[in-house]
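Student: The structure follows.
The values are calculated or read from the model by the stated rules, or taken from the named source; none is laboratory data. These figures come from a predicted structure and were not determined experimentally. Cβ placement follows ideal geometry from the backbone for every residue including glycine, while neighbour counts extend to all protein chains displayed. Keep in mind that these areas ignore ligands, DNA and RNA; they rest on the heavy atoms of the full protein, side chains included. Shrake-Rupley method; radii C 1.70, N 1.55, O 1.52, S 1.80 Å.
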Amino acid sequence: MRFKDGHLLGLEYADKEDIELILKTATSFREVLERPIKKVPTLQGKTVVNLFFEPSTRTRISFELAEKRLSADSINFSSTNSSVKKGETLLDTARNIEAMKIDMVVIRHQSPGAANFLAGNLGANIINAGDGAHEHPTQALLDMMTILEKHESIEGLNVAIIGDISHSRVALSNIHGLLKMGANVTLCGPATMIPREIEKLGVDVCYHVDDVLGKVDVINILRIQLERQEGGLFPSLREYHNYFGITRARLDKLSKPITIMHPGPINRGVEISSDVADSEHSLILNQVTNGVAIRMAVLYLLAGGENINA
Ligand code: CP
């Protein structure tokens, strides 16, 4: 595992071989999750702290499950009922937790760079579970694993990421990961939600969702962060739905079905209609299942695990 100094901070720092190794390892762990007894002793004796400063359902539960499936000791920290409320800093919080002899920290934080900051200041392995609008690497990895359930290869695949690209850590990690794996990536959303000059990363940009849908194999639909509406980035949720919402009517106009993904949580009736979210082409719940396997693979490899596929 050659991620930066024993950490998983973002897919910007990964190369294609790293990503392939994680995906292959996750496929082996996915099989463990189908067994009647879904537990292996791989990380026995290791302690992982899940340090969550922001709300999470999928990421927090699947990291905890991944740790338990690997027999690690798992500790959950939530900022809302911690001494952060008394003014303790991120660094002091993390140093105090590390003083209790832990091995790995999974961190979700509202500030971009929080995971990198801990990596520079602690001896433990750090895994970024989402830092502001920067990166969410395990989400992009589980998205790629899910794509591979339906498509033979990511190389040459046409993938669109639709929605609020500017504020999305999922978008940035997917862009880095998909490009490294050889996909053609198109970003689509209102102009107010697409960063200027993002094409320099090697992606295409399109502001008309119907033009994009006819050209892609996979769409990854991002959540419209409802709090952004007050910032005037789009006039109303109804208008967003009319221009960019993925609906059955839009998909029915296409000559072939496309794979539907969404990292969750979803706003039904805003960025995706309910019938599309629950349709046979939607892999939204497969993404959640694969999240546990991906997180098992990342924990295993960062703890020094060998390539179990070799
Ligand atoms: N996809 C994702 O990160 O979901 P949570 O915020 O529930 O973890």
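Student: Just the residues that are within 16 Å of the ligand (Cβ to nearest atom) and either surrounded by 14 or more Cβ atoms within 10 Å (Cβ to Cβ) or touching a residue at least 24 places away in the same chain (Cβ under 8 Å) (or both), please, taken from region 75-92. Can you show your working first?
Tutor: Filtering region 75-92 down to residues within 16 Å of the ligand (Cβ to nearest atom) leaves 76-80.
Across region 75-92, the qualifying residues are 76, 77, 78, 79.
Student: Is it true that some residue in region 296-305 is touching a Ser or Thr at 6+ places or on another chain (Cβ under 9 Å), open to solvent by less than 80 Å² (accessible area, probe 1.4 Å) and more than 30 Å from residue 49 (Cβ to Cβ)? Break it down into steps so the answer makes sense when it comes.
Tutor: As a first pass, look at region 296-305 and keep what is touching a Ser or Thr at 6+ places or on another chain (Cβ under 9 Å): 296-301, 303, 305.
Now narrow it down to the ones that are open to solvent by less than 80 Å² (accessible area, probe 1.4 Å): 296-301, 303, 305.
Next, from what is left, pick out any that are more than 30 Å from residue 49 (Cβ to Cβ): none.
Looking through region 296-305, none of the residues is touching a Ser or Thr at 6+ places or on another chain (Cβ under 9 Å), open to solvent by less than 80 Å² (accessible area, probe 1.4 Å) and more than 30 Å from residue 49 (Cβ to Cβ).
Student: Also, I was wondering about something else. Output the number of residues of region 11-27 satisfying the condition of being polar (S, T, N, Q) and either at pLDDT below 95 or buried (at least 19 other Cβ atoms within 10 Å of the Cβ) (or both).
Tutor: Filtering region 11-27 down to residues polar (S, T, N, Q) leaves 25, 27.
Then drop every residue that is not either at pLDDT below 95 or buried (at least 19 other Cβ atoms within 10 Å of the Cβ) (or both), which leaves 25.
Going through region 11-27 one residue at a time, the tally reaches 1.
Student: If the requirement is being touching an Asp or Glu at 6+ places or on another chain (Cβ under 8 Å) and open to solvent by 10 Å² or more (accessible area, probe 1.4 Å), which of these qualifies: 225, 287?
Tutor: From the options 225, 287, the qualifying one is 225.
Student: Suppose the filter is without any contact (Cβ under 8 Å) to a residue 60 or more places away in the chain and either more than 18 Å from residue 130 (Cα to Cα) or under 17 Å from the mean Cα position of the chain (by Cα) (or both); does residue 22 pass it?
Tutor: Details: without any contact (Cβ under 8 Å) to a residue 60 or more places away in the chain: no; either more than 18 Å from residue 130 (Cα to Cα) or under 17 Å from the mean Cα position of the chain (by Cα) (or both): yes.
So residue 22 does not fit the description; no.
Student: Among the residues of region 37-63 satisfying the criterion of being assigned to a loop (DSSP other than H, G, I, E, B) and near the ligand (Cβ under 8 Å from one of its atoms), which is most open to solvent (accessible area, probe 1.4 Å)? Steps first, please.
Tutor: Start the filter on region 37-63 by keeping residues that are assigned to a loop (DSSP other than H, G, I, E, B), which leaves 37-46, 53-57.
So of that shortlist, the ones also near the ligand (Cβ under 8 Å from one of its atoms) come out as 54-57.
Values: 54: 49, 55: 118, 56: 30, 57: 82 Å².
This residue is 55.
Student: List the pairs whose first member sits in region 126-139 and is within 12 Å of the ligand (Cβ to nearest atom), whose second member is among the acidic types (Asp, Glu), and whose Cβ atoms are under 8 Å apart, counting only residues at least 6 apart or on separate chains?
Tutor: Partner pairs satisfying both residue conditions: 128/135; 130/54; 135/12.
Student: In a loop (DSSP other than H, G, I, E, B) and either open to solvent by 10 Å² or more (accessible area, probe 1.4 Å) or over 30 Å from residue 184 (Cβ atoms) (or both), is that true of residue 133?
Tutor: Working: in a loop (DSSP other than H, G, I, E, B): yes; either open to solvent by 10 Å² or more (accessible area, probe 1.4 Å) or over 30 Å from residue 184 (Cβ atoms) (or both): yes.
Spelling it out, residue 133 is indeed in a loop (DSSP other than H, G, I, E, B) and either open to solvent by 10 Å² or more (accessible area, probe 1.4 Å) or over 30 Å from residue 184 (Cβ atoms) (or both).
Student: Still on this structure, please answer the following. Does residue 116 count as open to solvent by 10 Å² or more (accessible area, probe 1.4 Å), polar (S, T, N, Q), farther than 30 Å from residue 31 by Cα and modelled with pLDDT of 95 or more?
Tutor: Against the criterion (open to solvent by 10 Å² or more (accessible area, probe 1.4 Å), polar (S, T, N, Q), farther than 30 Å from residue 31 by Cα and modelled with pLDDT of 95 or more), residue 116 qualifies.
Student: Please count how many residues of region 101-111 are away from the ligand (no atom under 15 Å from the Cβ), touching a residue at least 24 places away in the same chain (Cβ under 8 Å) and not in a strand (DSSP E or B).
Tutor: Narrowing region 101-111 to residues away from the ligand (no atom under 15 Å from the Cβ): 101-105, 111.
Subset that is touching a residue at least 24 places away in the same chain (Cβ under 8 Å): 101-105.
Cutting the leftovers down to not in a strand (DSSP E or B) gives us 101-103.
Matching residues across region 101-111 total 3.
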